[in-house]
Amino acid sequence: MLDSTQNLATSSQVRGHSGGNQDGKFSVGFRDGVVRTVVGLDRETQEEYTLVVEAIDNGPAGSRRTGTATVFVEVLDVNDNRPIFLQNNYETSILETVPRGTSILQV
Ligand SMILES: [Ca+2]
Ligand SMILES: [Ca+2]
């Protein structure tokens, strides 16, 4: 991350913003600027985050410049809460002469 005077950014942090990082689920590497998860995520609880990442340059104390960027994170769904049947197997029998559309079984 570079600012307009090309001073190398040496500090960064994630600030919460409208449902962002107030519970500390993300961090930003102090020097490399890599955004990482801190805890496991759960799409069924929250499926998207809007983070504001702030960089602070290495200018003289008292006149340091900051810049921000918005990072939008979408949590993709994994089938970890799949629907379940009450039984693993179902069995029934019907006459071969049943009319079309006859109910056979409810699963
Ligand atoms: Ca989940
Ligand atoms: Ca899921």
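Bear in mind these aren't lab numbers, they're just calculated from the coordinates by the rules spelled out. All figures in this text were calculated on a predicted structure; none of them were measured in a lab. Glycine gets a Cβ as well: all are built from the backbone with ideal geometry, and neighbour counts include every protein chain shown.
Assorted remarks:
- Put simply, the amide H of Phe26, placed in the peptide plane, has neighbours under 5 Å in Val38, leaving out anything fewer than 5 places away on its chain.
- Computed E for Asn81/Phe30 - FRET, C-beta separation, R0 35 angstrom, nearest 0.05: 0.45
- Note on Val39, Val53: ascending count of other Cβ atoms within 10 Å places them as Val39, Val53, the fewest first.
- Shown in residue order for the stretch 69-77 are the 3J(HN,Hα) couplings computed by the Karplus curve 6.51 cos²θ - 1.76 cosθ + 1.60 at θ = phi - 60°: 9, 9, 10, 9, 10, 9, 8, 7, 7 Hz (x for Gly and Pro).
- Cα→Cβ-extended label distance, 7 Å offset, between Glu44 and Gln22, nm: 2.5
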